[in-house]
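Colleague: I have a structure I would like to understand better, so I am pasting it below and will then ask my questions one at a time.
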Amino acid sequence: MTEKNNIKTSSPDFLCVVTSGTLSFKSSHLDEIKLIREGIKAEGVLELAKSLNWSIDYTAKALGTTSRTLRFFKNKPLNQKLSENAIEIARLSSFGIEYFNSIEAWGEWLNRPSFHFNALPPYCFLQSIRGRYLIKYIIQKLRFGFTA
């Protein structure tokens, strides 16, 4: 990786960041499920936030929790739902950054209202499974000439 604020890589491994090195994109789905059941530590989520240049409040909202929870559980495992959300957001962020070519462009797109999201920014949909699916779907469409 190059400088933190301007990652230019084809596929940043934020899965490794959010799981504190326990998983990577090469890990099996079963390993991922096992870790989700055990719970990832908020420490990894906070590292992910730092890597994406997101505030703790912004990250907490994307996960569907509070910044207080992330701080309280810093060295403790998060529940299954939050662990799964964090892992999925890490995967989606890698996918988005790969398309937009930088963390900054990914962040700007997430925060820009779009008619594809009923004039809301895509960020508002990160905390749900279907919302993350929709974000990925729109990015896939953008790859093939669909306009945002």
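Colleague: Would you check which residues across the stretch 93-143 are part of a strand (DSSP E or B) and open to solvent by less than 70 Å² (accessible area, probe 1.4 Å) and list them?
Modeller: Across the stretch 93-143, the qualifying residue is only SER114.
Colleague: Restricting attention to the stretch 31-48, does a residue exist that is touching a strand residue (DSSP E or B) at 6+ places or on another chain (Cβ under 9 Å), open to solvent by 90 Å² or more (accessible area, probe 1.4 Å), among the acidic types (Asp, Glu) and more than 25 Å from ASN101 (Cβ to Cβ)?
Modeller: Scanning the stretch 31-48 turns up at least one residue that is touching a strand residue (DSSP E or B) at 6+ places or on another chain (Cβ under 9 Å), open to solvent by 90 Å² or more (accessible area, probe 1.4 Å), among the acidic types (Asp, Glu) and more than 25 Å from ASN101 (Cβ to Cβ).
Colleague: Checking SER55 against (1) closer than 28 Å to LEU142 by Cβ; (2) open to solvent by less than 30 Å² (accessible area, probe 1.4 Å), which test does it fail?
Modeller: (2)
Colleague: Could you say whether any residue in the stretch 137-145 is within 12 Å of the chain's Cα centre (by Cα), closer than 22 Å to PRO12 by Cβ and in contact (Cβ under 8 Å) with a residue 24 or more places away in the chain?
Modeller: No, that holds for no residue.
Colleague: I'd like the full set of residues that are open to solvent by 70 Å² or more (accessible area, probe 1.4 Å) and in a loop (DSSP other than H, G, I, E, B), limited to the stretch 67-92.
Modeller: LYS74, ASN75, LYS76, ASN79 - these are the residues of the stretch 67-92 that are open to solvent by 70 Å² or more (accessible area, probe 1.4 Å) and in a loop (DSSP other than H, G, I, E, B).
Colleague: Further question on the same structure: Any residue at all in the stretch 90-99 that's basic (Lys, Arg) and closer than 12 Å to THR19 by Cα?
Modeller: Yes: the stretch 90-99 contains one or more residues that are basic (Lys, Arg) and closer than 12 Å to THR19 by Cα.
The values are calculated or read from the model by the stated rules, or taken from the named source; none is laboratory data. This one's a predicted model, so the numbers in the text were calculated from it and none came from an experiment. Cβ atoms come from the backbone with ideal geometry, glycine included; neighbour counts cover every protein chain shown. Only protein heavy atoms, including side chains, enter the accessible area calculation; ligands, DNA and RNA are left aside. Shrake-Rupley method; radii C 1.70, N 1.55, O 1.52, S 1.80 Å.
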